[in-house]
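Visitor: Dropping the structure in here first, questions after.
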Amino acid sequence: MTNSIPEAKQALRTHYRNLRRTLQRDIDLTPLIEQLAPYRHILSYAPFKDELDIWPLNQLLAQEQRLLLPKVVDHHLECYKVTHIENQLKPSSFGIQEPISSTCDKLPYESIDCLLVPAIAFDANHNRLGYGKGYYDRLLRYTHNATTIGLAYREQLHPTPLPIEPHDLPTDQLLLL
């Protein structure tokens, strides 16, 4: 039994990371593509390790000139418009594909219409359990006018409310594939 929220979160991270390693499969992105149709600037993410693979969606959004991807700078995420995934990204120190700032336009948070949010787990209240660095919690505070959609495999839905702290922010919607 854990005694604190950080300990409970860490135990859940371990559980869902192990579970997620078994979930890699092809997914139908059609519902997400349809849901994103009205948005002009979509901040997506570069799938890392065994996260839900949305590279086909990112390719489509880049072709349509609607793809934004985050880049870690100090302790926050900056947003860059990516139009050519093949030559505008490079691995960060974490191994996550990030925009090369010299080849992409940096956009202000206010320009984001929709934000796709990855997580290790979600609950029915759209709360998310991230990696614990707080990057997306800070980003969600800056992008309060954007629609936020949590993305995960359906098996990443935690059956009871996740432990949350004051800095944890839920997403507006949840799409489990």
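The values are calculated or read from the model by the stated rules, or taken from the named source; none is laboratory data. In this text, all values refer to a predicted model and were calculated from it rather than measured experimentally. Here the Cβ is made from the backbone with ideal geometry for all residues, glycine too, and neighbour counts use every protein chain on show. For accessibility, only protein heavy atoms count, side chains too; no ligands or nucleic acids. Shrake-Rupley method; radii C 1.70, N 1.55, O 1.52, S 1.80 Å.
Visitor: Going residue by residue through region 66-89, is there one that turns out to be at pLDDT 95 or above, touching a Ser or Thr at 6+ places or on another chain (Cβ under 6 Å) and among the charged types (D, E, K, R)?
Guide: Looking for residues that are at pLDDT 95 or above, touching a Ser or Thr at 6+ places or on another chain (Cβ under 6 Å) and among the charged types (D, E, K, R), one finds none in region 66-89, hence no.
Visitor: Being part of a helix (DSSP H, G or I), surrounded by 14 or more Cβ atoms within 10 Å (Cβ to Cβ) and not hydroxyl-bearing (S, T, Y) is the filter here; which residues of region 16-38 pass it?
Guide: Passing the criteria: R17, L19, R20, L32, Q35.
Visitor: Please pick out the residue among Q97, Q59 that is of a type outside the set (G, A, S), buried (at least 17 other Cβ atoms within 10 Å of the Cβ) and at negative phi.
Guide: Q97
Visitor: Kindly establish whether S102 is of a type outside the set (K, R), modelled with pLDDT of 95 or more and surrounded by 15 or more Cβ atoms within 10 Å (Cβ to Cβ). Please lay out each step first, then the result.
Guide: Details: of a type outside the set (K, R): yes; modelled with pLDDT of 95 or more: yes; surrounded by 15 or more Cβ atoms within 10 Å (Cβ to Cβ): no.
The answer is no for S102.
Visitor: Read through the list (1) more than 19 Å from A152 (Cβ to Cβ); (2) open to solvent by 50 Å² or more (accessible area, probe 1.4 Å); (3) among the aromatic types (F, W, Y), then give the number of the only condition that Y80 fails.
Guide: (2)
One line per residue, one yes/no per condition, for (1) touching a residue at least 12 places away in the same chain (Cβ under 8 Å); (2) within 19 Å of E155 (Cα to Cα):
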residue: A11; (1), (2): no, yes
residue: L19; (1), (2): yes, yes
residue: D50; (1), (2): yes, yes
residue: H76; (1), (2): yes, no
